[in-house]
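As structure tokens, the structure follows; a few thoughts come after it.
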Amino acid sequence: MDLSTYALMYLELNVVSVLLVCVIRHKSNGLSQMVAQRNFVMAIDANKFKSINDTYGHAAGDMALVRIAEALNRSCRFTNKRSHIARYGGDEFAVFICGADPELMDSLKEKISESLKELNDADKAPYELSVSMGYTKVTYWQPLKNAIEMAYKNLYEDKERFHANEQKSSLDS
């Protein structure tokens, strides 16, 4: 098995445990069906990460990953929802949020970007570190792999917007 297969298995096990806690916690209120349908998975990928590694070295790349993880931790705490964060591979992360809605997920995306900018400024990083993100709702009858694939589809759309803005900025300069 390759690393991404192990990462998916790890994430699936942790997501199942988070989902069970969410359902058990709300079962007494008769909300288990509703709560089970209000879970989201978010895929996160660093922008221009290879360039950071190539220009500033692997130690700088490692610190960039630490900053991304810290931004995710800070931002998920901000939601006051049960969440699980996993490094999915290389410069990719996945976040599973229990009991969320699209508005909260959009707010989380903004909070992650803000936290990452604050951490970059505080660390005086010689590069601009940003991430592309995509999310989707996870339903209890849907294989997690399908939900992650949909989150990645949305992430790639976000990454395309990032690259388009980069090109526009370079043309304007």
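Just so you know, all these numbers are worked out from the coordinates, no wet-lab data involved. Values in this document were obtained by computation on a predicted structure and should not be read as measured data. Because the Cβ atoms are built from the backbone with ideal geometry, glycine has one as well, and the counts that use them run over all protein chains shown.
Under 5 Å between amide H atoms, partner at least 5 residues away or on a different chain: which partners does VAL131 have, H built in plane at 1.01 Å?
Counting only residues 5 or more places away or on other chains, the set is ASN47.
How do SER51, SER113, SER75 line up, fewest other C-beta atoms within 10 Å first? Could you put the intermediate results ahead of the total?
On the way: SER51 11, SER113 15, SER75 22.
Final ranking by Cβ density, sparse to dense: SER51, SER113, SER75.
For region 114-173, what does the alpha-carbon gyration tensor say about shape, rounded, prolate or oblate, given a ≥ b ≥ c as the root eigenvalues, a/c under 1.5 as rounded, and a/b over b/c as prolate?
On the way: a/c = 4.46, a/b = 1.72, b/c = 2.59.
The shape class here is oblate.
When the Cα centres of region 40-108 and region 111-173 are compared, how far apart do they sit, in Å?
Between the Cα centre of region 40-108 and that of region 111-173, the gap is 9 Å.
Compute the distribution of all C-alpha to C-alpha distances in region 57-173, in bins of 5 Å from 0, and list the percent of pairs in each, rounded to whole numbers.
Percent of pairs per bin, in order: 2, 10, 18, 22, 21, 14, 7, 3, 1, 0.
Evaluate the distance, in nm, between pseudo-label points positioned 7 Å from the Cα of LYS124 and of MET63 along their respective Cα→Cβ axes.
With each label point 7 Å from Cα toward Cβ, the separation is 1.0 nm.
Only loop residues by DSSP count here, and only those with at most 15 other Cβ atoms within 10 Å; note down the chymotrypsin sites (Phe, Trp or Tyr not before Pro) in region 40-141 that meet that.
Working: sites: PHE40, PHE49, TYR56, PHE78, TYR88, PHE93, PHE96, TYR127, TYR135, TYR140, TRP141; in loops: TYR127, TYR140, TRP141.
Sites meeting the loop and neighbour criteria: TYR127, TYR140, TRP141.
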